[in-house]
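The block underneath contains the structure these notes are about, expressed in structure tokens.
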Amino acid sequence: MSKRVGRTVKYVILVVGAIVMVFPFFWSFMTSFKDLKEILRDPFSLIPKEFTMKNYVSVFTKVPFARYLLNSTVVALATTFLQLVTACLAAFAFARMRFRGRDVIFYVFLATMMIPQQVVMIPQYLVVMKLNMDNSYLGLILPHAATAISIFFLRQFFLTIPRDLEDAATIDGCGPLRTLVNVFLPLTKPAIATIAVFSFMWSWNNYFWPLLVISEPEMRTVQLGLAMFKSEGGIQWGEFMAATVVATLPIMIAYFIAQRQFVKGITLTGLKG
């Protein structure tokens, strides 16, 4: 009886937590179908009295929001890909390869996680400006092509792989790169999916860095584009909510695609901790 009560309490807590997490998005989604008068008259109503699609039409006609989506997609996908490549190579080197000063280099590299992003942002900005990469995809992508957290996360997974598998690959004539591709990567799909989801989400939601390096309107990302729905009369809430819904969909799609591997990766990380 006590176990049943405890299980019921857990489910109730989970349901309440899920409602709290989903409610803001649900409210935004419903508000995006209201006209401005209804929003101002009754902002807390969940169901629109009259559904309208004009907010979504305005999102793509009032500003070049499709271009902003394209820019964010290119930046997020390229950043995610480069972070996965650099994380796989560096993690394999730190976890399996033997060279002088390996552990010292790793701990120094790991210590960079303690440095606030705001501290390194100005030096990064000066380098980007010096190389004339402002207002370009390279300026948005390259400064974030590698992260210490991704390398550390993947290294911990590589350390759990039995060395016998690596020795067997070496006996079969595999070099380090082939061993990484054929042995390690297939066994670490959950970790790779987890890194990919977090990297894509961070890059897609990044606001401050594009604000620094982008001044040309056609190079704006989605997060900068959302600010275009603010006028002298205030925020156009219907259009803003519609744009927010559109901007959130790619993250949700990316998560659902990698959901199984993502959850597995988080679970395995917890077990290994």
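Each reported figure results from applying straightforward, stated rules to the coordinates on display, with no laboratory input. What you see is a predicted model, and the numbers here were worked out from it, not measured in a lab. Cβ: placed from backbone, ideal geometry, glycine included. Neighbour counts: every protein chain shown.
Things to note:
- The 3J(HN,Hα) values that the Karplus relation (6.51, -1.76, 1.60; θ = phi - 60°) gives for the stretch 211-222 are, in residue order, 5, 6, 9, 10, 10, 7, x, 6, 9, 5, 8, 4 Hz. Gly and Pro appear as x.
- Couplings 3J(HN,Hα) for the stretch 106-117, derived from phi with the Karplus relation 6.51 cos²θ - 1.76 cosθ + 1.60 (θ = phi - 60°), are 5, 5, 5, 4, 5, 5, 5, 5, 7, 7, x, 4 Hz, where x marks Gly and Pro.
- Bins of 10 Å from zero: percent of alpha-carbon pairs in the stretch 60-158: 14, 34, 32, 15, 4, 1
- Just checking the listed ones, V75, V12, V57: in the Gaussian network model of the chain with Cα springs under 10 Å, the one fluctuating most is V12.
- Rg(Cα) / (2.2 N^0.38 Å) computed for the chain, rounded to two decimals: 1.25
- Our coupling estimate for the stretch 174-181, obtained by passing each phi through the Karplus curve with A = 6.51, B = -1.76, C = 1.60 and θ = phi - 60°, is 7, x, x, 5, 5, 4, 4, 6 Hz, Gly and Pro reported as x.
- Inter-probe distance in nm under a simple model that places probes 7 Å from Cα toward Cβ, at L40 and R163: 7.2 nm
- Within the chain, longest stretch clear of exposed chymotrypsin sites (Phe, Trp or Tyr not before Pro) (DSSP loop, no more than 13 other Cβ within 10 Å): 100-206
- Remark: the Cα gyration tensor places the stretch 11-77 in the oblate category, a/c being 1.5 or greater and a/b not exceeding b/c.
- Computed about its Cα centre, the charge dipole of the chain is approximately 840 debye, with only Lys, Arg, Asp and Glu carrying charge at their Cβ.
- When the chain is treated as a GNM with alpha-carbon contacts under 10 Å, the residue of G175, G225, G238 showing the greatest mean-square fluctuation is G175.
- Contact order relative to length of the stretch 61-272, as percent, for alpha carbon pairs under 8 angstrom and 6 or more apart: 34 percent
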